[in-house]
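Engineer: Handing you a structure now.
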């Protein structure tokens, strides 16, 4: 009880999809996991609290920059108590542990498929062997008692885009910096240089490994031949700068989503990506870009849809959810188109305002009434400032709002992908059942035809297929559980992400209006002074 | 309600309304391809049959009146109030027509909403054209000399059609050539350096000023168009948010439903900002573009008269030298001299008045522009603050 309750109280939610400053990718992982293997999670708060105290110095070290803490409110008491069961990052038991955790927190969401035995283990208290084996002291942040912070264990940033090389062979390198307290990494803070194809390579590896389980793999940003070519040939204009910044921000969000996914973080490929100095070139991405890969998945899913296979199940949750996802994706696409139109018009407005400002300045110089002349040049200055405002607002429209929508349109595609995986698993199961049936019929025929030699083989085949049927059924159940859990986690993250981005967007709009007011308030007396 | 537009419009601030002659457009009707203005006059002048009366006039009759002033030699020394631009509803009508054609492809709500917007646009253009025509009449009525013009009185009082047909093709060609000759001439005349400092300065000033106002007017139009487009986009965002709010059943839904009213109101404010900029800035610039042209025309006429005067002087000298037709040359020279001096005298005052009017109009409009921008920005601010409060408070 305690476990999940505590977890609930402490809002050890799966980390939000950070798109904002409050990157707290691994809130769930936080915690004072203790060293000695004693089970401190048994529901006995005090020892944990004591441990919490001892971990505080970490924060004092100021290792984690302030912005890693989100504003989420978790009650102090709850916070000091918890460490989600078995949260370990030893990497050895990684998958299991993160599943444990994730499932436990899923309970909070109220949709958790707590059918598996694991959560109950977690709740039960006696430490499963897995937990005992983690021995490293986690010098990790514990939620502060009196501060509203979320836990995180790893923060990643993508910065400093640099052009390497010249001409058509040039490429952009990005600095990937990680700050972490997870013991599975060699250092606490480290950076590596990565290029775009490395990110795509990571996505492919993760997809290959995890999508079959029904995981939602965050998709990377798309390749762009035009954008990249401009950068390669050295076109130093604002559109290339915009392109690079857009890509950098998208890559950062991509990585943040990957590391905030409990299963994916444990993947050695992710660790290698973050840590290893030289990464082997991901060659296949040249032919198969991230977008191409996504397209393949989409095509496959379309093919599946066309076969109009419906899973016969009494629980309509999956069907309903898929429809919801599809409808939302459609609407987000529409919204994205309009927001892009707004961005373009604002950019146009920006340009036209600048031109107008110059024109008014010229008019001011030819005006022979001194006061009016001065007022006109002041007006020209105000319009110049408005141009800057429009520019900033267009950037905000784009980088905050439009990109948020674009990200989620891609993510919803990935969600659909995992529903498709479940569909495929179901198909496999159904097909195996029908094969088994055929084998049984064949056996019956053989019995009747009295061919003992073939009979043995037939019996062997039946056993084989019986095994497969059981296996596929279990696979299907497992993937269903994963999909449900993933979707619920996704929705929570989506809700948080949207809220924080929309708030950010409105705040930028608000700031621009405040500045606008200042400009015109300064101008008004000048206008009144005309005589 | 239409006459408030004149003063609300603020293009000309100091048009005295004195009781002896008050003119306004009390009504207007937009028909298929023309607009009918009801010109209403109140006067205590003895030459009118009644003290208060109205007639219906169309755009071509305004143009006829304007042209009659321009062609009248007596008025050569005055800035002739610029003619109102032709009412142009073509663009608006086209949009309404397209809307009608596309009716089947959109929902009833979308259709009604768009129809309302286009009708509002039509109405705005209509109000503007009425205001422009009214300003013209009021300028004439306020001018000490022009207000006494016979054609003007006929225009105001004669309650039948003035039968001023639009110019036919030949007349339009004549006009075209006249303009070509005038501009060529204008260049010649402009080249003549004026002895009088005041006029020399005015000439240089007006030439440059006119060009810059033209430029500023064009650029302000472009800027305001982009602004309107952005406002439209915000409106479309609001509509999509509405759909998302009603269709989406996930958690994010509550954000959409909170944002929809915000964006809806924001778009209205943005549209108002663009409209106010149009009224206070673009219209102001357009008007002074036309007035500065009228002022240039005045200078041209004076320049022409000066050249004629100088030529007459030369002819007189020649006649005296040859001692032939001296009297004729003397009379001719005197006529030219008088004409030139008369124009110069009134031109000076006209140009000074022009400056005063211009400065006052700019002041009024720039102050109002700033005040409106502030009002709207504060409105936006309030909306954003309250929405943010709601969004943030909600967990």
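The values are calculated or read from the model by the stated rules, or taken from the named source; none is laboratory data. In this text the structure is predicted, and so the values were computed from the model without any measurement. Using ideal geometry, Cβ is built from the backbone for each residue, glycine included, and neighbour counts are taken over all protein chains shown.
Engineer: I'd like to verify a number: residues in the range A:185-236 that are modelled with pLDDT under 80, farther than 30 Å from residue A:167 by Cα and surrounded by fewer than 16 Cβ atoms within 10 Å (Cβ to Cβ), how many?
Structural biologist: 1
Engineer: I need a count of the residues in the range A:336-354 that are at the interface with chain B (Cβ under 7 Å from one of its Cβ atoms) and either touching a residue at least 12 places away in the same chain (Cβ under 8 Å) or not in a helix (DSSP H, G or I) (or both).
Structural biologist: 5
Engineer: With respect to residue B:250, is the statement that it is at pLDDT below 90 and in a helix (DSSP H, G or I) true?
Structural biologist: For residue B:250, the condition - at pLDDT below 90 and in a helix (DSSP H, G or I) - is not met.
Engineer: Failed condition for residue A:407, given (1) over 26 Å from residue A:526 (Cα atoms); (2) over 45 Å from the mean Cα position of the chain (by Cα), with all others met?
Structural biologist: (2)
Engineer: Out of B:203, B:214, report the one residue that is more than 10 Å from every other protein chain (Cβ to nearest Cβ), assigned to a helix (DSSP H, G or I) and either over 22 Å from residue B:373 (Cβ atoms) or in contact with a strand residue (DSSP E or B) (Cβ under 8 Å, 6 or more places away or on another chain) (or both).
Structural biologist: Matching residue, one of B:203, B:214: B:203.
Engineer: Could you go through the range B:243-251 and let me know if any residue there is closer than 21 Å to residue A:348 by Cβ and at the interface with chain A (Cβ under 9 Å from one of its Cβ atoms).
Structural biologist: no
For every residue, the table says whether it meets (1) under 26 Å from the mean Cα position of the chain (by Cα); (2) in contact (Cβ under 8 Å) with a residue 60 or more places away in the chain; (3) within 14 Å of chain A (Cβ to nearest Cβ); (4) surrounded by fewer than 21 Cβ atoms within 10 Å (Cβ to Cβ).
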residue: B:334; (1), (2), (3), (4): no, no, no, yes
residue: B:338; (1), (2), (3), (4): no, no, no, yes
residue: B:341; (1), (2), (3), (4): no, no, no, yes
residue: B:345; (1), (2), (3), (4): no, yes, no, yes
residue: B:349; (1), (2), (3), (4): yes, no, no, yes
residue: B:354; (1), (2), (3), (4): yes, yes, yes, yes
residue: B:368; (1), (2), (3), (4): yes, yes, yes, yes
residue: B:373; (1), (2), (3), (4): yes, yes, yes, no
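Engineer: May I ask you to list the residues in the range A:498-531 that are closer than 12 Å to residue A:396 by Cβ, in contact with a helix residue (DSSP H, G or I) (Cβ under 6 Å, 6 or more places away or on another chain) and either assigned to a loop (DSSP other than H, G, I, E, B) or more than 7 Å from chain B (Cβ to nearest Cβ) (or both)?
Structural biologist: The answer is A:501, A:504, A:505, A:508, A:512.
Engineer: Oh, and also: Among the numbered conditions (1) assigned to a helix (DSSP H, G or I); (2) closer than 29 Å to residue A:421 by Cβ, tell me where residue A:168 comes up short.
Structural biologist: (2)
Engineer: Look at residue A:384 and say whether it is within 9 Å of chain B (Cβ to nearest Cβ), more than 17 Å from residue B:218 (Cβ to Cβ) and surrounded by fewer than 20 Cβ atoms within 10 Å (Cβ to Cβ).
Structural biologist: no
Engineer: A further question follows. Might you let me know whether the range A:390-399 holds any residue that is modelled with pLDDT under 95 and under 26 Å from residue B:368 (Cβ atoms)?
Structural biologist: Taking every residue of the range A:390-399 in turn, at least one turns out to be modelled with pLDDT under 95 and under 26 Å from residue B:368 (Cβ atoms).
Engineer: May I pose another question? Can you confirm whether the range B:298-309 contains a residue that is out of contact with any helix residue (DSSP H, G or I) (no Cβ under 7 Å at 6 or more places or on another chain) and part of a helix (DSSP H, G or I)?
Structural biologist: Within the range B:298-309 (the criterion being out of contact with any helix residue (DSSP H, G or I) (no Cβ under 7 Å at 6 or more places or on another chain) and part of a helix (DSSP H, G or I)), the answer is no, since none of the residues qualifies.
Engineer: Only one of (1) within 30 Å of residue A:504 (Cβ to Cβ); (2) crowded, with 22+ Cβ neighbours inside 10 Å; (3) modelled with pLDDT of 90 or more is not met by residue B:276, so which one is it?
Structural biologist: For residue B:276, the failing item is (2).
Engineer: What number goes with the only condition from (1) free of Cβ contacts under 8 Å to residues at least 24 places away in the same chain; (2) surrounded by 15 or more Cβ atoms within 10 Å (Cβ to Cβ); (3) more than 14 Å from every other protein chain (Cβ to nearest Cβ) that residue A:428 does not pass?
Structural biologist: It fails just one condition, (1).
Engineer: If we keep just the residues of the range A:355-373 that are surrounded by fewer than 19 Cβ atoms within 10 Å (Cβ to Cβ) and touching a residue at least 12 places away in the same chain (Cβ under 8 Å), which is nearest to the other protein chains (Cβ to nearest Cβ)?
Structural biologist: It comes out as A:369.
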